[in-house]
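Here is the structure we will look at, set down as structure tokens.
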Amino acid sequence: MSGPAISRTGEPTAGFSNSGLAIAVPNQFFSSTLPQIESSEELIVSLYFFFAQHLRRRSPRFLTKRELAADTTLARSLAHLAPADDALERGLDLAVWRGTLLRVRTQSRGRDDELYIVNTPANRKSLEELTTSELRLDEPLPLASKANNSAIFALYEQNIRPLTPLIADELKEAEGRYPHNWIHDAFREAVSLNKANWRYIESILRRWEAEGRQDEESGRDPQVEWLERRYYEGKRRRAAGPDP
């Protein structure tokens, strides 16, 4: 007697690379929380939140509902559920009810939003401090699109993983800060060392900016001149002060 039919969606993966970015999930989530979860929405949102929070350079590592709603990877994960229209809302509500996440409704510059953070003693204390001060919440980036012709976006998706709005702002900042050939070479070096993750690539770029590149010829290198020009232009803008 054959067993029940198994529904298969998507494409099988080739496994995971040794250099994949690792994320921290509290042990208690697996021992206490996971056995109680019955909703797919809650499971997806909770697990993805642990990953997404590490892509934001914030202390504490909070995320807003706008940012989560703009995350294309999370949206694709929830799209398999029915009904999918309010899957994010249901998942967040259940994660807050269970105590996995904390939620604060806030307003910044006349804009209403919801702030979420993992429920830990340190985060509870930080959340109290955040809510007593004026929060400056960043606008979520537009949805990632295959039509986007940014070179650094293409390098990231080809060598690391699909682009999400939470990492796109860091990539755009790097693209404006470093010469294109530096970025390309940093990706190539990281891949050759089996360390294809953005944190390692960024550390290469910062080291080159601080110490110079050992493989470049001596003398006035055009890339060094480019960086110097950016530095002096920035000084002039700061000296001129804000626009009236």
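The values are calculated or read from the model by the stated rules, or taken from the named source; none is laboratory data. In this text, all values refer to a predicted model and were calculated from it rather than measured experimentally. Note: ideal-geometry Cβ built from the backbone for every residue, glycine included; neighbour counts use all protein chains shown. Ligands, DNA and RNA are stripped out before the accessible areas are found, and what is left, the full protein with its side chains, is counted by its heavy atoms. Shrake-Rupley method; radii C 1.70, N 1.55, O 1.52, S 1.80 Å.
The table that follows gives values for the structure above.
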| read-out | value |
| --- | --- |
| Matching residues in region 159-182 - criterion: being part of a loop (DSSP other than H, G, I, E, B) and open to solvent by 50 Å² or more (accessible area, probe 1.4 Å) | 161, 162 |
| Per-region count, region 22-43, residues assigned to a loop (DSSP other than H, G, I, E, B), open to solvent by 70 Å² or more (accessible area, probe 1.4 Å) and either modelled with pLDDT under 85 or not charged (D, E, K, R) (or both) | 1 |
| Scan of region 70-119 for residues that are closer than 19 Å to residue 58 by Cβ, open to solvent by 40 Å² or more (accessible area, probe 1.4 Å) and modelled with pLDDT under 90, ordered by number | 105, 107, 109 |
| Complete set of residues in region 190-204 that are more than 20 Å from residue 163 (Cα to Cα) and surrounded by 14 or more Cβ atoms within 10 Å (Cβ to Cβ) | 204 |
| Scan of region 183-204 for residues that are in contact with a Leu (Cβ under 6 Å, 6 or more places away or on another chain) and not in a loop (DSSP other than H, G, I, E, B), ordered by number | 186, 187 |
| Region 75-87 residues that are at negative phi, paired with ones that are modelled with pLDDT of 85 or more and open to solvent by 40 Å² or more (accessible area, probe 1.4 Å) (beta carbon under 7 Å, 6 or more apart) | 77/44; 78/44; 81/40 |
| Count of region 55-76 residues which are of a type in the set (Ser, Thr, Tyr) and in a helix (DSSP H, G or I) | 2 |
